[in-house]
Amino acid sequence: MHSPIITNDAIVFGLLVSVLGLVFYTRSLGGRWATFYTFVPAILLCYLLPSLMNSFGLISSEQSNLWPVARDYFLPACLVLMTLSIDLKAIIGLGPKALIMFFTATAGIIIGGPIAILIMSLFSPETVGGEGINAVWRGFATLAGSWIGGGANQTAMLEVYGYNPERFAAMVAIDVVVANIWMAFLLYGAGNPKPIDKWLQADTSAIDRLQSAMETYTSENARTSGVVDFMMIAAIAFGSVGLSHLVAELLTGFFGRFDALKDTILISGFFWIVVTATTIGMSLSFTRFRSLEGAGASKIGSVFIFLLVAIIGTRMDVFQIADAPLLFLVGIIWMLVHVTLLISVAKLIRAPFFFVAVGSQSNVGAAASAPVVAAAFHPALAPVGVLLAVLGYAIGTYGAIISAELMRLASP
């Protein structure tokens, strides 16, 4: 592995924030830039430019600690600020299509693995073969755990099926690269979903009502913000981050005492951080702290979202595909099955593209990126991504076991 040109995290972080500033500055200029951003959404650039820096060796996510900071600090902070002013009744009013698309996404991952193995076994059986702990289907079981639930589910599948740890790095690379390529398409669609919704003949009225209600509330409560407002927003955001970590430590310590729970999501600290931060934000939405939305709470939350987007982007290195091209091809076929099923069902029930994107990302990206994709449509929609991602954690292990057993049968 070659050393990147920039290894200092402070410099890398400054570079990433500068890239974000440049993107938003050019978008504000209008003229030809307005035409450019009509075809290339700003959030997609905020994602792709850092990924190119990583791919070409300017920076390296493997030698950086920015992702743990973003995941443990920025993510729970933005969850609190995004849910602070949410209208829970309006979220429920989105209807059953959100859940239908979520479970469709799960089904696509469950059946996608065995279908991809069957297709690859037709012309390269050795790629998806192997015996004992080196059996490729065991490795893909960990991928199913990650793509239905998250990192904790992936680790559980590694323990359950005993895949060779020395070969696990390839599965992690497939997980990150394939999932992030798909996320790039989702972010592109989120930048201009209307043509896709038109093609899907989708009814977006419930989503439009939620966005409108959020915008109306923000405008009605908007005020000139002062230092006190910003300090209150910071106190609530990072006070909640601290409380979320405290709750996570207590609960993981408690559940960790039980051997029967050692491979479950209940001993994942990150799971409890996400759940606690979301619960705090939604609880505060019923109090007078909701008025901080008028002082810019969700706007500051959006800043954290874009920082997350940039740092997530640094984790993708498309050149890793060259290390094991046929294994990556299996992953790509797998993802195509997932996407095809999603689009087909969405077309059938006329579900908005938002439900397609968030249903998929709640499985494939889990709580680390599902709210990011949801917020790319509108800040008011971030909690939908969180709630569905938590559901993904809950069923991730079960879905992965079903997929793994099907892959065992499909293997040559």
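Below, the figures for the structure above:
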quantity: Residue that is more than 30 Å from residue 119 (Cα to Cα), out of contact with any Pro (no Cβ under 8 Å at 6 or more places or on another chain), of a type in the set (A, V, I, L, M, F, W, C) and surrounded by fewer than 21 Cβ atoms within 10 Å (Cβ to Cβ), where the choices are 368, 322, 375; calculated: 368
quantity: Pairs where the first residue, in segment 271-286, is among the β-branched types (Val, Ile, Thr) and the second is at pLDDT 85 or above and buried (at least 22 other Cβ atoms within 10 Å of the Cβ), C-beta under 6 Å, 6+ apart; calculated: 273/76; 273/244; 273/248; 276/244; 280/80; 280/240
quantity: Within segment 166-221, considering residues that are of a type in the set (Val, Ile, Thr) and under 15 Å from the mean Cα position of the chain (by Cα), the one farthest from residue 153 (Cα to Cα); calculated: 181
quantity: Segment 23-73: number of residues that are assigned to a helix (DSSP H, G or I) and either touching a residue at least 12 places away in the same chain (Cβ under 8 Å) or surrounded by 13 or more Cβ atoms within 10 Å (Cβ to Cβ) (or both); calculated: 32
quantity: Odd one out for residue 382 among (1) within 19 Å of residue 338 (Cβ to Cβ); (2) crowded, with 24+ Cβ neighbours inside 10 Å; (3) in contact with a Gly (Cβ under 8 Å, 6 or more places away or on another chain); calculated: (1)
quantity: Total residues in segment 334-371, condition among the aliphatic types (A, V, I, L, M), over 9 Å from the mean Cα position of the chain (by Cα) and under 21 Å from residue 75 (Cα atoms); calculated: 1
quantity: Options 159, 220, 215; residue that is within 21 Å of residue 404 (Cβ to Cβ), at pLDDT below 85 and either in contact with a Cys (Cβ under 8 Å, 6 or more places away or on another chain) or of a type in the set (Asp, Glu) (or both); calculated: 159
quantity: Verdict on residue 122 being surrounded by fewer than 24 Cβ atoms within 10 Å (Cβ to Cβ), without any contact (Cβ under 8 Å) to a residue 40 or more places away in the chain and touching a Ser or Thr at 6+ places or on another chain (Cβ under 8 Å); calculated: no
quantity: Subset of segment 74-111 (residues that are assigned to a helix (DSSP H, G or I), of a type in the set (Ser, Thr, Tyr) and closer than 13 Å to residue 301 by Cα); calculated: 83
quantity: Near pairs, Cβ below 6 angstrom, 6+ apart or cross-chain, from segment 329-353 (free of Cβ contacts under 8 Å to residues at least 12 places away in the same chain) to any residue that is of a type in the set (Asp, Glu) and in a helix (DSSP H, G or I); calculated: none
quantity: Of all residues making up segment 70-100, the number that are of a type in the set (A, V, I, L, M), at pLDDT 90 or above and within 16 Å of the chain's Cα centre (by Cα); calculated: 1
quantity: Tabulated pairs, segment 388-400, first under 16 Å from residue 158 (Cβ atoms) and part of a helix (DSSP H, G or I), second aliphatic (A, V, I, L, M) and modelled with pLDDT under 80, C-beta under 6 angstrom, 6+ apart or interchain; calculated: 397/156
quantity: Total residues in segment 192-213, condition more than 23 Å from residue 37 (Cβ to Cβ) and either free of Cβ contacts under 8 Å to residues at least 12 places away in the same chain or aliphatic (A, V, I, L, M) (or both); calculated: 7
quantity: Residue among 7, 38 that is out of contact with any strand residue (DSSP E or B) (no Cβ under 7 Å at 6 or more places or on another chain) and modelled with pLDDT of 85 or more; calculated: 7
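The values are calculated or read from the model by the stated rules, or taken from the named source; none is laboratory data. Quick caveat, the model's predicted, so the values are computed rather than measured. FYI the Cβ positions are ideal-geometry reconstructions off the backbone, even for glycines, and counts take in every protein chain you see.
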